[in-house]
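Report on the structure given below.
The values are calculated or read from the model by the stated rules, or taken from the named source; none is laboratory data. Worth saying up front: this structure is predicted, and the values here are computed from it rather than measured. Cβ placement follows ideal geometry from the backbone for every residue including glycine, while neighbour counts extend to all protein chains displayed. Accessible surface areas use protein heavy atoms only, side chains included; no ligands, DNA or RNA. Shrake-Rupley method; radii C 1.70, N 1.55, O 1.52, S 1.80 Å.
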Amino acid sequence: MSRRIVLKAGGLTALAATATTVPAFADDTTSEATTKDVIVIGAGYAGVTAARELKAKGLRPVILEARDRIGGRTWTSTFQGQPIELGAQWIGPAQPLVNAELKRYNIGTLTGTPPTRMIMPSSAGFKAFPPDEVDTRFGALMDRLFEGAQDLFPKPTDPLYRKDLVSAVDGMSLRDRLNQLRLSAEDESWLSGTTAGYSGGTSDIGAYTALAQWWSLAGYNLAGYDAAMSQRLSGGMVGLLQAMLNDADAVLHLNSPVISVADDGTQVRVTTRSGKVYKGRAAVVAVPVNVWKTISFTPGLPQVHQQATAQGVGVPHATKVWMKVSGVSDRVMAQGQEGTTFTTLLSQGSVTGGQLMVGFNGLPALNGSDRAAVEAAVRVFLPEASVVEVVAQDWAKDPYALGGWALRRPGQLTTQLPAIQQPQGRVAFASGDIASGWVGFVEGAIESGLRAAQQVLRLTGYSVAA
């Protein structure tokens with residue numbers, strides 16, 4: 001078997017030890033200012049990438065992270081004695097930047113074991129389908145959904161290369177596209193699990209062009225599309241990030257949420273919630289677009305940035321639920337449809353007394369910490385299942401994320417790029433939310449961090465080629 005059903009089923013293999021941890025410091029409550037060359041706000045992949053690149057050119061970055069950990073919307077943790085990812089979990093072979101980083105730090109990848117049962121929507125409720133049937137039928141439906149994508153995105157890392165064509169459809173939501181196809185109810189249910197799942201619970205939120213670009217980046221076919229989320233990192237997502245942070249050799253301050261960024265034309269002053277002030281020749285704002293509105297900028301953000309943070313780019317509701325399940329002896333992959341609590345449910349390996357499963361939810365009604373509610377959602381697919389224990393992360397309630405992964409909304413591609421990628425004064429912006437290529441992926445965050453570093457080098461007068 002192949003494609004998403006096999007590739008995303010990734011079992012939990014013991015993860016290798018992470019790299020040596022860079023010392024981090026709690027936010028200093030003193031108001032005395034600290035001066036560095038560059039202030040990087042956010043210790044996720046975008047911010048750490050920027051800091052490392054700037055350090056390599058001789059600048060002295062300091063990283064301010066609001067949380068008590070690095071990673072941002074990546075978060076490697078443990079549950080039932082096993083390593084888990086509460087945030088971003090997968091990468092793929094068609095993502096050159098993250099794969100170059102893995103090679104650089106000699107970090108391997110893990111793939112999973114195929115499921116033995118695949119559950120899909122049907123006119124008679126959810127039921128198991130033969131693997132070959134799922135593979136063939138779903139592939140044909142995805143081909144229909146993205147018909148014409150190769151014309152829209154012939155150079156998918158340059159999404160506006162055919163802006164003339166993209167502009168004509170960028171206002172279309174994924175729901176608009178489903179309606180346009182006039183599918184049977186069952187066929188639409190097979191696709192709506194994908195369109196609603198990726199756009200935060202409802203197909204009305206995500207832009208058709210957003211998902212069509214992912215399809216294009218992956219090679220315009222289902223095998224490539226599913227392979228884009230097929231591999232886990234040995235050492236967890238935090239392991240690679242820690243290796244990159246070690247190279248950045250930057251002072252890292254955790255528990256340091258930023259409340260204001262002021263650029264007077266010669267210097268940037270960044271103030272944390274505790275009143276600590278950091279001064280630099282430039283700053284990199286490497287937090288999610290949804291969070292920009294919580295920071296006071298002087299001068300104010302450009303109009304395109306204001307619009308993006310007001311609308312939101314990270315999907316508004318995204319809860320990832322890990323659970324220990326008993327009563328299910330086989331490996332399962334289940335796909336929901338629009339309106340089901342879980343749009344995806346995956347077996348993730350055996351533990352004493354049962355197995356681990358992970359579920360993805362975009363509906364705000366689910367309390368991921370409510371074991372009974374989670375069990376009810378699981379039993380939609382697996383009536384025999386008992387949920388023993390759960391751990392969940394609701395990214396919408398995280399004040400430093402205010403939503404999940406990025407997926408552009410209708411109209412955002414053509415109205416925001418490339419302006420949203422440009423610096424304002426001495427302040428550059430970095431986030432996988434504003435990438436040209438893999439928006440919403442670690443790959444996109446690295447791309448954005450590299451771009452921001454180059455911008456800062458120009459802003460501070462350093463030779464980019466040095």
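I'd like the full set of residues that are in contact with a Gly (Cβ under 8 Å, 6 or more places away or on another chain) and either farther than 13 Å from Ala401 by Cβ or of a type in the set (A, V, I, L, M) (or both), limited to segment 288-312.
Going residue by residue through segment 288-312, those that are in contact with a Gly (Cβ under 8 Å, 6 or more places away or on another chain) are 288-290, 299, 306, 312.
Val289, Pro299, Gln306 - these are the residues of segment 288-312 that are in contact with a Gly (Cβ under 8 Å, 6 or more places away or on another chain) and either farther than 13 Å from Ala401 by Cβ or of a type in the set (A, V, I, L, M) (or both).
Let's see how each residue does on (1) touching a residue at least 40 places away in the same chain (Cβ under 8 Å); (2) part of a strand (DSSP E or B); (3) under 30 Å from Pro61 (Cβ atoms):
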site	(1), (2), (3)
Met357	no, yes, no
Ser369	no, no, no
Ala373	no, no, no
Ala376	no, no, no
Val388	yes, yes, no
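Give the residue that is farthest from Gln455 (Cα to Cα), with candidates limited to residues of segment 56-70 that are under 26 Å from the mean Cα position of the chain (by Cα) and part of a loop (DSSP other than H, G, I, E, B). Before the answer, list the steps.
Within segment 56-70, the subset under 26 Å from the mean Cα position of the chain (by Cα) is 61-70.
Filter once more, so that each one left must be part of a loop (DSSP other than H, G, I, E, B): 65-70.
Working: Glu65: 21, Ala66: 24, Arg67: 26, Asp68: 28, Arg69: 27, Ile70: 24 Å.
Residue satisfying both the conditions and the ranking: Asp68.
Looking only at residues of segment 415-455 that are in a helix (DSSP H, G or I) and open to solvent by 30 Å² or more (accessible area, probe 1.4 Å), we find that the one that is nearest to Thr209 (Cα to Cα) is Thr415. Of all the numbered requirements in (1) over 21 Å from Asp433 (Cβ atoms); (2) touching a helix residue (DSSP H, G or I) at 6+ places or on another chain (Cβ under 7 Å); (3) open to solvent by 50 Å² or more (accessible area, probe 1.4 Å), Ser184 misses one, and that requirement is (2). Within segment 390-407, the residues that satisfy the criterion of being assigned to a loop (DSSP other than H, G, I, E, B), open to solvent by less than 20 Å² (accessible area, probe 1.4 Å) and aliphatic (A, V, I, L, M) are Ala401, Leu407. Residues of segment 283-318 that are under 16 Å from Ile205 (Cα atoms) and in a strand (DSSP E or B): Gly314 alone.
Scan segment 31-58 for residues that are at pLDDT 95 or above and open to solvent by less than 30 Å² (accessible area, probe 1.4 Å) and the total you get is 16. Scan segment 235-261 for residues that are over 24 Å from Ala56 (Cβ atoms), of a type outside the set (Val, Ile, Thr) and either without any contact (Cβ under 8 Å) to a residue 24 or more places away in the chain or surrounded by fewer than 17 Cβ atoms within 10 Å (Cβ to Cβ) (or both) and the total you get is 1. Exactly one residue among Ala140, Ala207, Ala227, Ala223 is without any contact (Cβ under 8 Å) to a residue 60 or more places away in the chain and either open to solvent by 20 Å² or more (accessible area, probe 1.4 Å) or more than 16 Å from Thr344 (Cβ to Cβ) (or both), and that residue is Ala140. When Asp151 is tested against (1) within 30 Å of Gln416 (Cα to Cα); (2) open to solvent by 80 Å² or more (accessible area, probe 1.4 Å); (3) assigned to a loop (DSSP other than H, G, I, E, B); (4) touching a helix residue (DSSP H, G or I) at 6+ places or on another chain (Cβ under 9 Å), exactly one condition is not met: (3). In segment 346-387, the qualifying residues are those that are under 21 Å from Pro121 (Cα atoms) and charged (D, E, K, R), and the one that is most open to solvent (accessible area, probe 1.4 Å) is Arg379.
Which of the residues that make up segment 331-344 are farther than 23 Å from Lys397 by Cβ and open to solvent by less than 40 Å² (accessible area, probe 1.4 Å)? Don't jump to the end; show me each part of the working.
Step one: of segment 331-344, the residues farther than 23 Å from Lys397 by Cβ are 331-335, 337.
Within segment 331-344, Val332, Met333, Ala334, Gln335 qualify.
Are there any pairs, at least 6 apart or on different chains, whose C-beta atoms fall under 6 Å, with the first in segment 71-86 and closer than 16 Å to Gly359 by Cβ and the second at pLDDT 95 or above and of a type in the set (D, E, K, R), and if so, which? As it stands, the answer is Gln80/Lys324; Leu86/Lys320, since those pairs meet every condition given.
With respect to the conditions (1) touching a Phe, Trp or Tyr at 6+ places or on another chain (Cβ under 9 Å); (2) in contact (Cβ under 8 Å) with a residue 60 or more places away in the chain; (3) farther than 18 Å from Gly200 by Cβ, Ala453 falls short on a single one, namely (1). The set of residues in segment 255-282 that are among the small types (Gly, Ala, Ser) and assigned to a strand (DSSP E or B) comprises Ser260, Ala262, Gly280, Ala282. Does Ile91 meet the test of being modelled with pLDDT of 95 or more, open to solvent by 30 Å² or more (accessible area, probe 1.4 Å), under 25 Å from Gln348 (Cβ atoms) and in contact with a Ser or Thr (Cβ under 8 Å, 6 or more places away or on another chain)? Spelling it out, it is not the case that Ile91 is modelled with pLDDT of 95 or more, open to solvent by 30 Å² or more (accessible area, probe 1.4 Å), under 25 Å from Gln348 (Cβ atoms) and in contact with a Ser or Thr (Cβ under 8 Å, 6 or more places away or on another chain). Set side by side, the residues Leu165, Leu160 differ, and just one is in a loop (DSSP other than H, G, I, E, B) and open to solvent by 30 Å² or more (accessible area, probe 1.4 Å), which is Leu160. Scanning segment 262-274 for residues that are touching a Phe, Trp or Tyr at 6+ places or on another chain (Cβ under 8 Å) and open to solvent by less than 10 Å² (accessible area, probe 1.4 Å), we see that the one that is nearest to Ile446 (Cα to Cα) is Val270. Between Arg175, Arg232, the distinction of being touching a residue at least 12 places away in the same chain (Cβ under 8 Å), within 28 Å of Pro96 (Cβ to Cβ) and of a type in the set (Lys, Arg) belongs to Arg232 only.
A quick yes/no check of all residues on (1) open to solvent by less than 20 Å² (accessible area, probe 1.4 Å); (2) of a type outside the set (Lys, Arg); (3) in contact with a Lys or Arg (Cβ under 7 Å, 6 or more places away or on another chain); (4) within 24 Å of Thr460 (Cα to Cα):
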position	(1), (2), (3), (4)
Thr294	no, yes, no, no
Phe297	no, yes, no, yes
Val313	yes, yes, yes, no
Trp322	yes, yes, no, no
Val325	yes, yes, no, no
Val328	yes, yes, no, no
